[in-house]
Amino acid sequence: MGGGVSGALIAHRLVNSGRQVIIVDSRDVGMGSTMASTAILSYEPDVHLTDLISQIGKRSAVRAYRAGLEALESLEQTIKTLDDSCDFRRRESLYLASNRKDARIVRRECETRQKHDFRVELLTRRELAKSYSLRAPCAILTRQSAEVNPLKLTLALIRSAQKRGLKIFSHTVVKSYRRHGKESVLTTSDDFRIRARHVVFATGYETQQFLKQKRVHLASSYAIASSADTKFPKGREWPVIWESARPYLYVRSTVDGRIVAGGEDVDFVDEAKRDELLARKTKTLKKKIRKMFPHVSWKLASAWTGTFAESKDGLPYIGPHKDFPGAQFALGYGGNGITFATIASAIIPDLISGTKNSDSRLFRFDRRSG
Ligand SMILES: Cc1cc2nc3c(=O)[nH]c(=O)nc-3n(C[C@H](O)[C@H](O)[C@H](O)COP(=O)(O)OP(=O)(O)OC[C@H]3O[C@@H](n4cnc5c(N)ncnc54)[C@H](O)[C@@H]3O)c2cc1C
């Protein structure tokens, strides 16, 4: 269920392992959060490693971070097998301290990551100004991030899987889930039944409709894109940029030289209220980008908004749920949902085939920190 980037990655894996797979989606595929995504590919979740260690312990926290790194490598390899490069590019990433108070936290986070063998460097105010023309008290530099076009990725995965038998049923709304013996039965809004041995809920932020217990916080994020050929100061490649403030500003480039920036997150109430704020949030984002890059000339080309979900510990929910026997969930919640979707696409086929996957315990529904 769900033909966003999560559903596409999982279907692609399952089909390649010889399974017969269908995707049902209430919209056209890729038209949920995936379409709105600015698609910065980071290995690190929104929660600092330092904080995650205090929440879930050193071993699990370091493993969660490392799973992100491995996911990006695996995604890069998968994309090489597709008929489209999906605008995937490796990128430097800068995590800026938003103010002097945060500088201490960012320095400590850099030390924690170095201590656990993550390849990061701390850049001082002077180094940031000299190399990137950016003003911030300090930043963590990593060279292991990336960017992608999320819709191209979803569609290329689906095209590839369709060649091996994947079938798509769009505009098909699933209303309910039941398990009968060895079979799951999904009922659609127009009363059709879909029977399957296994079901994967890859229904993104809308999954809450099926769950009794409220698990997540829903937020809306706002994004803008500049016209093409916007050059980075000093003739450098654009890095991926984000910051320590919450909610954070995030910035990346596209292959045709657009700046894509997002942030200004607010609690999600409904789509009308979210969309009403677009003009005001666009203005604020424009102002922030002009302040960040005072010497770059660019024009606004488009602005949009989308909804996403956040878990308490910043980690995704991947795996079975006690109220849904026979089903698996792939809920890549948080700011790096695409990395989480890739992690889910490694875990879920193992859970379905009964193969042990030691990462599944980190992301299970009934973890204490979730
Ligand atoms: C503005 C914005 C910026 C973002 N930036 C980033 C970023 O830089 N990096 C990053 O990694 N992540 C980012 N994210 C998050 C990321 O986009 C999401 O985590 C990711 O796209 C989720 O993909 P998904 O396939 O799980 O969900 P979705 O893309 O939402 O797909 C779920 C699908 O399920 C379908 N569905 C739902 N309910 C039903 C039902 N009952 N029956 C049938 N079908 C159903 C929907 O139609 C939808 O197509 C951003 C999100 C937003 C909104």
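The values are calculated or read from the model by the stated rules, or taken from the named source; none is laboratory data. Quick caveat, the model's predicted, so the values are computed rather than measured. Every residue, glycine as well, gets a Cβ built from its backbone with ideal geometry; the counts of neighbours run over all protein chains shown.
Worth a mention:
- Residue match in region 12-32 (condition: more than 20 Å from Ile348 (Cβ to Cβ), more than 11 Å from the ligand (Cβ to nearest atom), modelled with pLDDT of 95 or more and in a loop (DSSP other than H, G, I, E, B)): no
- Within region 246-280, if we keep just the residues that are in a loop (DSSP other than H, G, I, E, B) and basic (Lys, Arg), the residue that is farthest from Asp87 (Cα to Cα) turns out to be Arg246.
- Filtering region 189-220 to residues that are in a strand (DSSP E or B) and more than 8 Å from the ligand (Cβ to nearest atom) leaves Arg193, Ile194, Arg195, Ala196, Val199, Val200, Phe201, His217, Leu218, Ala219.
- Members of region 33-55 that are away from the ligand (no atom under 16 Å from the Cβ), touching a residue at least 40 places away in the same chain (Cβ under 8 Å) and either polar (S, T, N, Q) or in a helix (DSSP H, G or I) (or both): Leu49, Thr50, Leu52, Ile53, Gln55
- In region 150-182, residue farthest from the ligand (Cβ to nearest atom) [restricted to those that are among the aliphatic types (A, V, I, L, M) and not in a helix (DSSP H, G or I)]: Leu166
- Extreme residue, surrounded by the most Cβ atoms within 10 Å (Cβ to Cβ), among residues of region 117-131 that are of a type in the set (Lys, Arg) and assigned to a helix (DSSP H, G or I): Arg125
- Looking across Glu271, Glu276, one residue alone is closer than 19 Å to Gly2 by Cβ, out of contact with any helix residue (DSSP H, G or I) (no Cβ under 8 Å at 6 or more places or on another chain), of a type outside the set (A, V, I, L, M) and assigned by TED's automatic domain parsing to the domain that holds Lys130. It is Glu271.
- Within region 56-73, residues that are not assigned by TED's automatic domain parsing to the domain that holds Ile10 and among the basic types (Lys, Arg) have Cβ atoms under 6 Å from residues that are outside any helix (DSSP H, G or I) and modelled with pLDDT of 95 or more in no pair, counting only partners at least 6 apart in sequence or on another chain.
- Which numbered condition Leu134 fails, given (1) in the same structural domain as Trp238 (by TED's automatic domain parsing); (2) part of a strand (DSSP E or B); (3) of a type in the set (A, V, I, L, M, F, W, C): (2)
- Taken together, the residues in region 247-270 that are more than 30 Å from His295 (Cα to Cα) and touching a strand residue (DSSP E or B) at 6+ places or on another chain (Cβ under 8 Å) amount to 2.
- Selection count where residues are of a type outside the set (A, V, I, L, M) and part of a strand (DSSP E or B), scope region 318-350: 3
- Every condition in (1) part of a strand (DSSP E or B); (2) more than 15 Å from the ligand (Cβ to nearest atom); (3) of a type in the set (S, T, N, Q) holds for Ser297 except the one numbered (1).
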